[in-house]
Amino acid sequence: QVQLVESGGGLVQAGGSLKLSCAASGTIFSRYDMGWYRQAPGKQRDLVAVITSGGNTNYADSMKGRFTISRDNAKNTVYLQMNSLKPDDTAVYFCKAVWRQYVYWGQGTQVTVSS
């Protein structure tokens, strides 16, 4: 059973930074493509950034230049560095792991950006 546990969320002022972590267990982490998604109240869950097992990255347009996704396979962890945060970035941030037909989600971590 794969488990994903996010951490690092919290309350930050606009213009500030946060670094989210997602620790995986119960699997061979390095084979998975990993992603961060977010969901604001009353809205759908949207892609933030993804990093493939080979280290290639992709970002939603509104996050380019502000957010950075990275992974440490030795620590079974994927990160999301978020800079220049805006109130619109307020959401629950979820970690996702994908390998072949297998898809796993974490429980999410709340990020709140005050104006």
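In the elastic network of the chain, a GNM with C-alpha springs shorter than 10 Å, the most mobile of I51, I69, I28 is I28. A 1.4 Å probe run over the chain, with the rest of the protein chains in place, finds 53 Å² accessible per residue.
For the chain, the antiparallel share of DSSP beta bridges with both residues in that region comes to about 90%. Reported value for the chain: 95 Å³ per residue, from the convex hull of its C-alpha atoms. Legend: translational diffusion of the stretch 1-60 by Stokes-Einstein, Rh = Kirkwood radius over C-alpha pairs, 37 °C, 0.692 mPa s; D = 245 µm²/s.
Karplus-derived 3J(HN,Hα) values for the stretch 6-22, using 6.51 cos²θ - 1.76 cosθ + 1.60 with θ = phi - 60°, are 8, 7, x, x, x, 9, 9, 7, 3, x, x, 10, 9, 10, 8, 10, 9 Hz; glycine and proline are entered as x. Between T52, T90, T27, the Gaussian network model of the chain with springs among Cα atoms under 10 angstrom shows the greatest mean-square fluctuation at T27.
The charge dipole of the stretch 40-115, taken about its Cα centre with unit charges on the Cβ atoms of Lys, Arg (+1), Asp and Glu (-1) only, comes to about 160 debye.
Mean-square fluctuation check for the chain, GNM, Cα pairs under 10 Å: which of R31, R100, R66 is largest? Maximum fluctuation in the GNM of the chain, among the listed residues, is at R100. For the stretch 49-57, putting each phi into the Karplus relation 6.51 cos²θ - 1.76 cosθ + 1.60 with θ = phi - 60° gives couplings of 6, 9, 9, 7, 4, x, x, 6, 10 Hz, in residue order, rounded to whole numbers and with x for Gly and Pro. When the Cα positions of V98, Q44, G16 are compared along the charge dipole of the chain, V98 comes out farthest toward the positive end, with charges on each C-beta of Lys, Arg, Asp and Glu.
The values are calculated or read from the model by the stated rules, or taken from the named source; none is laboratory data. In this text, all values refer to a predicted model and were calculated from it rather than measured experimentally. Virtual Cβ from ideal backbone geometry, glycine too; neighbours counted across all protein chains shown. The area values use the complete protein model at the heavy-atom level, side chains included, leaving out ligands, DNA and RNA. Shrake-Rupley method; radii C 1.70, N 1.55, O 1.52, S 1.80 Å.
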